[in-house]
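To start, the structure itself, in structure tokens.
Read-outs throughout are calculated quantities, based only on the coordinates presented, and are distinct from any laboratory measurement. Quick caveat, the model's predicted, so the values are computed rather than measured. A quick note on method: Cβ atoms are made from the backbone with ideal geometry, for glycine too, and the neighbour counts reach across all protein chains shown.
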Amino acid sequence: MITFNHVTKRYNEEKTAVKDLNFTVEKGNIVVLLGPSGCGKTTLLRMVNRLESISEGNIVINEQDSMDLNAIELRRKVGYVIQSNGLFPNMTIEENVMIVPDLLGWTKKEKRERFDYLMKLIGLDPKIYRKRFPHELSGGQQQRIGVVRALAADPPVMLMDEPFGALDPIIREKIQDEFLQIQREVKKTILFVSHDIDEAIKMGDKIVLLRDGEIMQYDTPSEMLTHPKNEFVSQFFGKDRAIKSLSLHTVKNLQEVIGLAHIDDAIEDTKTINVNQDLRNTISMLLNQEADQVIVTDDQGERIGSITIDLVQKYLHFEIKGKLSVSQEG
Amino acid sequence: MEEWLRFLEINAPRILELTLDHAILVTLAIIVALLIGVPLGIYLTTNEYLAGTVLQVASVTLTIPSIALFGVMIPIFSIINQGIGFLPAFVALVLYSQLPIIRNTYTAIKNVNPEMRDAAIGMGMKTSQRLLRVEIPNALPVIMAGVRTAVVLNIGIGVIAAYIGAGGLGVLITQGISRGDNYLIISGSLAVALLAIIADAILLFIQKRFTTKGIAN
Amino acid sequence: MNTKKLIGNSFRFFIYGMVLLFFIWAIKNQYFSYIFSETGTFFVLLRQHLELVLVSSIFAILIAVPAGILITRPKFRKAEWLVTNIVNFGQTIPSLAVLALMISVLGIGFQTAVFALFIYSILPIFRNTVAGLDTIDKNLIDAAKGMGMKPHQILFRIELPNAAYSILAGIRTAVVLNIGTAALAYVVGGGGLGVWIFTGIQLFDNGFLISGAIPVTLMAILADYLLRKLEYVLVPKGSRRVAKA
């Protein structure tokens, strides 16, 4: 858990980057700091591990004031991932990943086991990559290594500063999915900086929308999309927020509310989709094929029904439009 | 201070004259070095076999200590009765300039964006047009950086050339040493340093002047 | 394609041929004779030369590398431009002048030459140390700090390994330059192989010239070669590619 109490960052008389912020990141949650550039989101993140000093207020990490620890000790307990991955070119992948455990004095065997575990987590063969150097890896692989490096000493709290920002869209999406998968397993308390709305909606259990160092709204993504607190929030998320909110709903949600359609075996060339996929992907799949339906499978690969554009529209009407119109009237 | 003024009053014309000699030696050497080095550097981009050897030879040449190179050249040039004087110094400076000029030309042309090259070819430019209009203008800052390195290097090496009778500011220093006259040594070395700084500044100015705005940064 | 290969190979053999021709010519004219007739003197001069280079280079490394590290620490950053400018100016002062000016301070002799060579070698090493440390990606330092590395850990584990290529290249430049400058030590009575080169110039004696100049040349080329090999061994594998780019 990270709690921000009246946190303020002042550079000088005129320039205040962060203004009296109060909010809490619950244990095991990902909270995305979202906002236009210069809104203070990176500064705020860097105040947590004291790469930036705190002018006023305090930050409490798991019941401990961050100022009570010395900066070095604090940073070793907080994972840190940056956009340009920050891998050290002079070190092998194993040395890179195991830096913090090494600083903490882990034994060789402990480090090796941990490395193997972490590499398996991101689907890279530890044997192949152990002695490789960062430049021998692709951008996506480097970024994955950057992420597991922050996980290396199993810190309860992680700070991620636009960790996937430098990747191309397709790889970014893949790594986001992969990271959410990992998060389900490791359940870290994460503060995540992003300027990408789609990423924030996808990754965040909650979003802090910042402007000029002030919180515009702190809420779950769906609340933010459906009940924007003010003009800035609704403008920021844009007119197409109904579409954006599609990525918050899975096929399973739809199935639970209105049920799936039957599979029409007469239609050829239909693709299949897992029931846990979000509706946004489903729509794009439907729009990119000839057939009118996509077959839905469960985790065991069993075909459990099909989904069509009409069905999604119906669901939209029930779930999202309903909420939206309520918020617009109210 | 007063002694310095008196020294300069007597020696200023001579210092200027030697500075001019020095500058002429270096300038001539650089001009010849450019005439050889730039076309060679450009050609090397089309012939990797030659590029490897030439760059290696040029790089070994640069490691040869100047006084040793003069020591080797005197006997060789004695064959044509030019062992001492302007010619061996001039040839040595041309040789030393080759590495920075060839290497920078070669890498600069090599690093011209291949898409830019493709576009030029696609527009129907001839090789010569492509070189003059696209590749050289884009490579100019790097080539000029090589020239500046060569000039500053040559001004320093030119000092040693005084020992083989090539004149220049080294004369002040060698005379200062043999007479134990620090005024001569200091004025000589300051003149050399100033010459190097001024030459570098002038070349930088030329470089900025001829670099098109589009690639100035 | 084949003509290009032919041109490349012809040039290579032309160079080999010229070098070979030179040695045949020099040997035929007995220009190397002093090395054999005055072997004792030759080895004394050779030893002096090596001592001049080694002593001055080692002291220069011991001073210049730590100085370069110090000036790039945040505390001293503000002084960096001043020091860099002084160093750049210093580099334009001819080596011969540095040697000559030391006479009035230290008199004539071996120590004077060593001290002058030491002063002159500091510059390239210092410059490359600073350049190497300055060009390290600031994000790396940020990541290291964020992971809780202490300043000395960042220096030894991140900064120095990644600046190693540049620092070692500076040392190589300095040593190769130093071998040449040590040949000028004769003018301050510092000995070394320069003694024969200068004797050769003064007496128009090609034998002294070649017997002095060729060993110095070979020494410089050999030092350059060996130090390049050393760089290859010492620079971490992962940083090599970065350093070349």
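In table form, for the structure just shown:
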read-out	value
Kirkwood hydrodynamic radius of segment C:87-164, Cα pairs, Å	15.0 Å
Calculated from backbone phi, Karplus (6.51, -1.76, 1.60) coupling profile of segment B:33-45 in Hz, x at Gly/Pro	4, 5, 4, 7, x, 5, x, 5, x, 5, 4, 4, 5
Within straight-line cross-link reach of A:Lys187, aspartates and glutamates at Cα separation under 16 Å, skipping those fewer than 8 residues along the same chain	A:Glu26, A:Asp154, A:Asp177, A:Glu178, A:Asp205
Descending semi-axes in Å of chain C, equivalent ellipsoid built from Cα gyration tensor	39, 26, 14
Ranked list, fewest to most other Cβ atoms within 10 Å of each Cβ, for C:Ser121, A:Ser66, C:Ser239, A:Ser37	A:Ser37, A:Ser66, C:Ser239, C:Ser121
Among A:Phe236, A:Phe192, A:Phe164: highest mean-square fluctuation, GNM of chain A, C-alpha pairs under 10 Å	A:Phe236
Extended-chain gain in nm, criterion 0.36 nm per residue less alpha-carbon gap, A:Glu302 and A:Gln64	80.8 nm
On Cα atoms only, tilt of B:66-78 relative to the major axis of chain B in degrees	90 degrees
Distance from segment C:53-113 to segment A:191-213 (C-alpha centre basis), Å	53 Å
Residues C:His152, A:His227, sorted so that the one with the fewest Cβ neighbours within 10 Å comes first	C:His152, A:His227
Residue mean of other protein chain beta carbons inside 10 Å, B:164-171	1
Separation between Cα centres of segment C:151-202 and segment B:12-55, rounded to whole Å	25 Å
Relative contact order for chain A, counting Cα pairs under 8 Å that sit 6 or more residues apart, in percent	18 percent
Value of Rg/Rh across the protein assembly as shown [Cα atoms, Kirkwood radius]	1.10
FRET efficiency, A:Val186 to C:Thr84 (Cβ-Cβ, R0 41 Å, nearest 0.05)	0.30
Crossing angle, helix A:169-186 versus chain A [Cα axis fit, 0-90 degrees, rounded to tens]	70 degrees
Debye, to nearest 20: dipole size of segment B:32-153, +1 on Lys, Arg Cβ, -1 on Asp, Glu Cβ	160 debye
Debye log10 I(q)/I(0) for segment C:34-140, one point scatterer per Cα, at q = 0.15 Å⁻¹	-0.74
Share, in percent, of DSSP beta bridges within the protein assembly as shown that are antiparallel, nearest 5	55 percent
Alpha-carbon spread of chain A, three principal axes, descending order, Å	66, 53, 31
Listed pairs A:Lys27/A:Lys174; A:Lys188/A:Lys314; A:Lys111/A:Lys206; A:Lys131/C:Lys5 exceeding 27 Å between Cα atoms	A:Lys188/A:Lys314; A:Lys111/A:Lys206; A:Lys131/C:Lys5
Between segment B:130-181 and segment A:241-272, the Cα center-to-center distance that results, in Å	76 Å
Partner chain coverage, peptide B:75-87 - average Cβ within 10 angstrom	2
For chain B, built as a Gaussian network whose Cα springs stay under 10 Å, the top-fluctuating residue of B:Ala201, B:Ala68, B:Ala161	B:Ala68
Nearest-20 debye value, segment B:63-217 charge dipole, Cβ charges on Lys, Arg, Asp, Glu	460 debye
Helix runs (DSSP H) in chain C reaching 24 Å along axis by Cα, Kyte-Doolittle at least -0.5	C:2-28, C:39-71, C:110-134, C:160-182, C:206-234
Peptide C:137-145 - average C-beta neighbours from other chains (10 Å radius)	6
Beta bridge orientation in chain A: antiparallel %, DSSP, nearest 5	55 percent
Positive dipole terminus of the protein assembly as shown, leading residue within A:Val193, A:Leu151, A:Pro36 (C-beta point charges)	A:Leu151
Low-density loop positions, GluC sites (Glu not before Pro), segment A:204-280 - DSSP coil, at most 16 other Cβ in 10 Å	A:Glu268
Max mean-square fluctuation residue, GNM over chain C, Cα-Cα springs under 10 Å, options C:Ile69, C:Ile221, C:Ile122	C:Ile221
Helix B:136-160 axis, angle to chain B major axis (alpha carbon atoms, nearest 10°)	20 degrees
222 nm mean residue ellipticity, helices alone, for chain C (DSSP H n ≥ 4; -39,500 (n - 2.57); rounded to 500)	-26500 deg cm²/dmol
Neighbour-count order for B:Trp4, A:Trp106, C:Trp196, fewest beta carbons within 10 angstrom listed first	B:Trp4, A:Trp106, C:Trp196
Relative contact order (percent, whole number), chain B, Cα cutoff 8 Å, 6+ residue spacing	26 percent
